[in-house]
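Some notes on the structure that comes next.
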Amino acid sequence: AKAAGRNTIRFFDPEIQTVIMARLALEADLERAMALNEFRLYFQLQANDQACVTGAEVLIRWLHPKRGLVSPAVFIPLAEETGAIVAIGDWVLEMACRQLQVWQDQPKFCHLRLAVNVSAVQFHRPDFTDKVSGLMARYSGVAGLLKLELTESVMLDSAEQVIRKIQLLKNLGIRFSMDDFGTGYSSLAYLKRLPLDQLKIDQSFVRDIASDPSAAVIIQTIIGMAQNLGLEVIAEGLETQEQLVLLKQYGCHHYQGYLLGKPLPIDQFEALLEQGDLS
Ligand code: C2E
Ligand code: CA
Ligand code: CA
Ligand code: CA
């Protein structure tokens, strides 16, 4: 074995092997999770300055039979690698549309929008726009209430393709938000060409807004940029009153974060809105 070199020997390191086996097991479980009905959706409210709830972001959770709740931060990247994200993403989108349709008959909730995360892997599939158009045909009247959150990684593909796809879906009434803004690959020239509606300031900047002058500067720059491009700006990860005061002062008027509400299952989300003075 020694002659085969260090890498080969390292592979047989029992600790690394354990990690690899655990990952393979999780991958296999992930393939079955959809069929076994193990995914759940949580809803986290989004609100504006007037303490009006404008809608919610839809966040997926995986209720693993042995591991309990697995964070999407763990399984989404894995699903992107295996391709399972396509089926998962289709499911999330369909459930969001179904929820919007249910709310249409409820005066208390009929104005709410839903923001759905779309992975770049999912967005780049050639049939993505066809699938979403199909959904909009089946769930008529919900397109105007749907917002798709993309990340800067979509910009790794040709601008023409990306613009074409976004525009096609915008023509149906769907809105677009650029998630985690400021953390990824971002060509301003490219960004300027995208027909977006909203920039979402990443929570890492919001977290440090009061303590780190450079985070505050980045936030002010993003807000200025959004204003120049005619885009709405929303801050995520809002946890404290101090952060809220600063964001407002800098010109951000849309918020999401634990200060306003944690992600909740649908019944608790609706209960929060019904009892709260927020809506
Ligand atoms: P994200 O899209 O940036 O979502 C925001 C994350 O911040 C969520 O984590 C949310 O629970 C958390 N969060 C919200 N408010 C606060 C706050 O005040 N403080 C802090 N510290 N965190 C807050 P979550 O739910 O664990 O999701 C992690 C990531 O997984 C998401 O980040 C998103 O990238 C991905 N994800 C979640 N659901 C989906 C989905 O349906 N499809 C895809 N493609 N990705 C998803
Ligand atoms: Ca998001
Ligand atoms: Ca985000
Ligand atoms: Ca994030």
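The values are calculated or read from the model by the stated rules, or taken from the named source; none is laboratory data. None of these values were measured; they are calculated from a predicted model. Cβ atoms come from the backbone with ideal geometry, glycine included; neighbour counts cover every protein chain shown. Calculation scope for accessible area: heavy atoms of the full protein, side chains included, ligands and nucleic acids excluded. Shrake-Rupley method; radii C 1.70, N 1.55, O 1.52, S 1.80 Å.
Annotation for the range 79-92: at least one member residue is within 16 Å of ligand 2 (Cβ to nearest atom), open to solvent by 50 Å² or more (accessible area, probe 1.4 Å) and touching a residue at least 40 places away in the same chain (Cβ under 8 Å). Under the condition of being outside any helix (DSSP H, G or I), open to solvent by 50 Å² or more (accessible area, probe 1.4 Å) and within 21 Å of Ile76 (Cβ to Cβ), the residues counted in the range 120-168 number 4. What are the residue pairs meeting all of these: first residue in the range 229-252, first residue basic (Lys, Arg), second residue away from ligand 3 (no atom under 15 Å from the Cβ), Cβ atoms under 7 Å, and 6 or more apart or on different chains? Close Cβ pairs satisfying both conditions: Lys248/Asp49.
Restricted to the range 183-264, the set of helices (runs of 4 or more DSSP H) holding at least 1 residues that are touching a Gly at 6+ places or on another chain (Cβ under 6 Å) and either under 30 Å from Gln167 (Cβ atoms) or at pLDDT 95 or above (or both) comprises 203-208, 213-229.
Report whether or not Arg193 is open to solvent by 50 Å² or more (accessible area, probe 1.4 Å), within 15 Å of ligand 1 (Cβ to nearest atom) and in contact with a helix residue (DSSP H, G or I) (Cβ under 8 Å, 6 or more places away or on another chain). It is false that Arg193 is open to solvent by 50 Å² or more (accessible area, probe 1.4 Å), within 15 Å of ligand 1 (Cβ to nearest atom) and in contact with a helix residue (DSSP H, G or I) (Cβ under 8 Å, 6 or more places away or on another chain). Restricting Arg207, Arg175, Arg193 to residues that are of a type outside the set (A, V, I, L, M, F, W, C) and under 15 Å from Lys147 (Cβ atoms) narrows the list to Arg175. Restricting attention to the range 158-204, the residues being more than 16 Å from ligand 4 (Cβ to nearest atom), under 17 Å from Val116 (Cα atoms) and of a type in the set (Gly, Ala, Ser) number 1.
Just to be sure, is Ile163 under 17 Å from His124 (Cβ atoms), β-branched (Val, Ile, Thr) and at pLDDT 95 or above? When the stated conditions are applied, Ile163 passes them. Does at least one position in the range 154-164 carry a residue that is in contact (Cβ under 8 Å) with a residue 40 or more places away in the chain and over 18 Å from Phe43 (Cα atoms)? No.
Within the range 191-228, no residue satisfies the criterion of being free of Cβ contacts under 8 Å to residues at least 24 places away in the same chain, among the hydrophobic types (A, V, I, L, M, F, W, C) and under 24 Å from Leu168 (Cα atoms). Being closer than 24 Å to Tyr255 by Cα, more than 20 Å from the chain's Cα centre (by Cα) and either surrounded by 13 or more Cβ atoms within 10 Å (Cβ to Cβ) or modelled with pLDDT under 95 (or both) is a property that holds for Phe109.
On the stretch given as the range 93-106, residues that are open to solvent by 70 Å² or more (accessible area, probe 1.4 Å), charged (D, E, K, R) and either in a helix (DSSP H, G or I) or on the phi > 0 side of the Ramachandran plot (or both) total 1. Residue count for the range 209-224 under the criterion of being more than 11 Å from Leu247 (Cα to Cα) and either polar (S, T, N, Q) or open to solvent by less than 40 Å² (accessible area, probe 1.4 Å) (or both): the result is 6. If you go through the range 169-182 and pick out every residue that is among the basic types (Lys, Arg) and either away from ligand 3 (no atom under 16 Å from the Cβ) or assigned to a helix (DSSP H, G or I) (or both), you end up with 1. With a requirement of 1 or more residues that are of a type in the set (Val, Ile, Thr) and out of contact with any Phe, Trp or Tyr (no Cβ under 7 Å at 6 or more places or on another chain), the strands (runs of 3 or more DSSP E) lying completely within the range 34-92 that satisfy it span 53-64. In the range 255-277, the residues that are touching a residue at least 40 places away in the same chain (Cβ under 8 Å) reach residues that are open to solvent by 60 Å² or more (accessible area, probe 1.4 Å) with C-beta atoms within less than 8 angstrom, at least six apart or across chains, in these pairs: Gly257/Gln203; Gly257/Glu239; Pro265/Arg40; Leu273/Lys108; Leu273/Ser279; Glu274/Lys108. What are the residues in the range 234-248 that are surrounded by 14 or more Cβ atoms within 10 Å (Cβ to Cβ) and either more than 12 Å from Ala47 (Cα to Cα) or more than 16 Å from ligand 3 (Cβ to nearest atom) (or both), if any? Result: Gly237, Glu239, Thr240, Gln243, Leu244, Leu246, Leu247.
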